[in-house]
Amino acid sequence: MVQCPAQCSDKVGSIWGTGIYTDDSSICRAGLHSGTIKNDGGKALVIRKPPLEYYVASEKTGIFSLEMKNSASSSFCVTVPSSTHEKMALEWDKAKFAQGHEEKTDLSSFI
């Protein structure tokens with residue numbers, strides 16, 4: 001699960017695909033494109049998928065995606081997290097903290 005910042009449509013980042021995106025696509029821009037989040041930010045659940053042979057370009061919600069042919073190593077889709085997903089993420093964070101694993105993951109390159 002990721003927390004996308006406000007004004008994500010103003011950030012630099014490309015996306016390839018429609019609905020299912022290449023693994024190097026901007027997560028938050030994919031969330032905007034798919035309609036999962038709005039430009040004021042929000043939480044998004046990222047689900048890893050196998051690669052596609054072809055990623056279709058489109059324009060949705062004012063965001064343009066690009067096409068790509070079979071060069072991604074994996075794919076993902078973005079959806080709205082349920083309360084169960086949020087509880088699982090919270091429990092996972094608690095478990096990491098309890099084990100002393102407080103490392104931070106920098107996701108800014110995906111935004």
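Name the residue that is surrounded by the most Cβ atoms within 10 Å (Cβ to Cβ), counting only residues in segment 35-63 that are in contact (Cβ under 8 Å) with a residue 12 or more places away in the chain, farther than 17 Å from residue 6 by Cβ and touching a His at 6+ places or on another chain (Cβ under 9 Å). Of everything passing the filter in segment 35-63, 45 is surrounded by the most Cβ atoms within 10 Å (Cβ to Cβ). Look at residue 78 and say whether it is in contact (Cβ under 8 Å) with a residue 12 or more places away in the chain and buried (at least 18 other Cβ atoms within 10 Å of the Cβ). Taking the combined requirement at face value, the residue satisfies it.
Residues that are surrounded by fewer than 19 Cβ atoms within 10 Å (Cβ to Cβ), within 13 Å of residue 79 (Cα to Cα) and of a type in the set (Gly, Ala, Ser) within segment 1-30 comprise just one, 19.
All of the numbers you see were taken from the coordinates with simple rules; none came from a lab. Predicted, not measured: the structure shown is a model, and the values here were computed from it. In this analysis, Cβ positions are derived from the backbone assuming ideal geometry, glycine residues included, and neighbour counts consider all displayed protein chains.
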